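Trainee: Handing you a structure now.
The values are calculated or read from the model by the stated rules, or taken from the named source; none is laboratory data. Just so it is clear, the model here is predicted, and its values are computed rather than measured. Every residue, glycine as well, gets a Cβ built from its backbone with ideal geometry; the counts of neighbours run over all protein chains shown.
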Amino acid sequence: MKCLPVLLFLFLTFPIRAQLAQGEWKTDTSKRSIQLSELLRGGPPKDGIPSIDKPRFLPAATVDWLAPKELVIAFTSTGQPRAYPLQVLMWHELVNDTAGEQPILVSYCPLCNSALVFDRRVSGSTLEFGVSGMLRNSDMVMYDRQTDSLWQQITGDAIVGHHTGATLRILPSQMIPFDQFQQSYPNGLVLSRDTGFQRDYGRNPYTGYEFGKGPIMPVRPSRATTLRPMDKLVVVKNGKGYRAWPVSQLARHGVLEDKLDGQPIVLFYSQDGLSPVDAPRMAQSRATGSIGVFRAEDATSRIRFRRANNRIEDRQSGSVWNITGSAIEGPHKGKSLQPIEHGVFFTFAWLAFQPDTVIVGEPPLPASPTP
């Protein structure tokens, strides 16, 4: 992985301590789970990347400025289905929203390929979040505007300040192509580019990043792996730990079956979905695919799946299922699988935070030496 020269590294790290002591921050730095030296300046200052706090939406059927295969974050768990285009999130990274009656935080860190939706409620209070301007292991550090506590985006953990030790609850979401969202949720809504800010939506400021050699910001060394830093992992919580599958492995099979906490699950892969961090314009990027993770059972029995004729079918009835976990042809048409909270991250990013993750297909980690 790349490392910045020592002098630049010092420039990036030490100013954070002084910055948090300035008047624009009221963070209680006496409460923290990390060393402040782990926080780096990402470039823009506090709120230099402006969050969207009053999101506006358009009917999906009326949106003509998104390429069919551009990725959106689809959130369908509460209220009317909503899509948050990565071409908008690229320039804002956070959306404070309310879906139905549920306060949610839609987050995206392009440096880690980390797109997650959280419940904004913590200890009975609804928090509003902004972009701190800091990074840790190349991942965005968020802050809440009520206490200026700092939060790690890739895990949802509060790491400095009043809320240290709290964790935001992750809600099921997917990164899927826009045309798939339109087909699956014809009455859905799409986050508008009418954000109140002038940005070149659709442009990628990280040209060539996904297919480069590695991260462009310092990242602490993590465990050994056969995967390249920019390979992607599909990650789910499993008991007290995490289980992950290389996207390259999933792409070869199209469907993977496994168990999570003893219950059957299935992972779907579609080749559709353009990388947001490849070409200068997102609509011209190479395809990197899209993924769904679901419980592989209905009310009465387990459902087994396979890829056949470049389609996802269940073995029992031959019904055809799409990337959102919905049956679109056959006896099960109209049924939907229960989605599972998951993330799709660059390998370097996830392992920097959770090095003990079990990666399917890789040898187990060596046992720690006995003291």
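Trainee: Applying the selection to the stretch 32-59, what residues are part of a loop (DSSP other than H, G, I, E, B) and surrounded by fewer than 16 Cβ atoms within 10 Å (Cβ to Cβ)?
Mentor: Step one: filter the stretch 32-59 for residues part of a loop (DSSP other than H, G, I, E, B), giving 33-35, 39, 42-51, 53-56.
The answer is Ser33, Ile34, Gln35, Gly43, Pro44, Pro45, Asp47, Gly48, Lys54, Arg56.
Trainee: If I go through the stretch 92-119 residue by residue, how many of them are among the charged types (D, E, K, R) and surrounded by fewer than 20 Cβ atoms within 10 Å (Cβ to Cβ)? It would help to see each step written out before you state the result.
Mentor: So in the stretch 92-119, the residues among the charged types (D, E, K, R) come out as 93, 97, 101, 119.
Those still in the list that are surrounded by fewer than 20 Cβ atoms within 10 Å (Cβ to Cβ) too: 101, 119.
Residues flagged as among the charged types (D, E, K, R) and surrounded by fewer than 20 Cβ atoms within 10 Å (Cβ to Cβ) within the stretch 92-119 amount to 2.
Trainee: Output the number of residues of the stretch 107-143 satisfying the condition of being outside any strand (DSSP E or B), farther than 15 Å from Leu40 by Cβ and modelled with pLDDT of 95 or more.
Mentor: Here is the first cut: in the stretch 107-143, the residues outside any strand (DSSP E or B) are 110-113, 120, 123-124, 127-128, 137-138.
Of the ones still in play, those that are also farther than 15 Å from Leu40 by Cβ are 110, 113, 120, 123-124, 127-128.
Pick out the ones that are also modelled with pLDDT of 95 or more and you get 110, 113, 120, 127-128.
Selection size over the stretch 107-143: 5.
Trainee: Can I ask one more? Do you know which residues across the stretch 221-265 are of a type in the set (Lys, Arg), in contact with a helix residue (DSSP H, G or I) (Cβ under 8 Å, 6 or more places away or on another chain) and surrounded by 15 or more Cβ atoms within 10 Å (Cβ to Cβ)? Break it down stepwise before answering.
Mentor: Filtering the stretch 221-265 down to residues of a type in the set (Lys, Arg) leaves 223, 228, 232, 237, 240, 243, 252, 259.
Checking which are in contact with a helix residue (DSSP H, G or I) (Cβ under 8 Å, 6 or more places away or on another chain) leaves us with 223, 228, 232.
Scanning the stretch 221-265 gives a single hit, Lys232.
Trainee: To continue, here is another question. Which of the residues that make up the stretch 60-91 are over 19 Å from Glu341 (Cβ atoms), assigned to a loop (DSSP other than H, G, I, E, B) and not polar (S, T, N, Q)?
Mentor: Val63, Asp64, Trp65, Leu66, Ala67, Pro68, Lys69, Glu70, Met90, Trp91
Trainee: Which one is nearest to the chain's Cα centre (by Cα) among residues in the stretch 51-66 that are over 17 Å from Tyr185 (Cα atoms) and of a type in the set (A, V, I, L, M, F, W, C)? Full working, then the answer.
Mentor: Going residue by residue through the stretch 51-66, those that are over 17 Å from Tyr185 (Cα atoms) are 51-56, 65.
From the residues that got through so far, the ones that are of a type in the set (A, V, I, L, M, F, W, C) too are 52, 65.
Values: Ile52: 17, Trp65: 23 Å.
Result: Ile52.
Trainee: Does Val293 meet the test of being of a type in the set (A, V, I, L, M, F, W, C) and more than 30 Å from Thr207 (Cα to Cα)?
Mentor: Details: of a type in the set (A, V, I, L, M, F, W, C): yes; more than 30 Å from Thr207 (Cα to Cα): no.
So Val293 fails the test.
Trainee: Among residues belonging to the stretch 120-132 that are in contact (Cβ under 8 Å) with a residue 40 or more places away in the chain and out of contact with any strand residue (DSSP E or B) (no Cβ under 7 Å at 6 or more places or on another chain), point out the one that is surrounded by the fewest Cβ atoms within 10 Å (Cβ to Cβ).
Mentor: Ranking the qualifying residues of the stretch 120-132, first place goes to Ser123.
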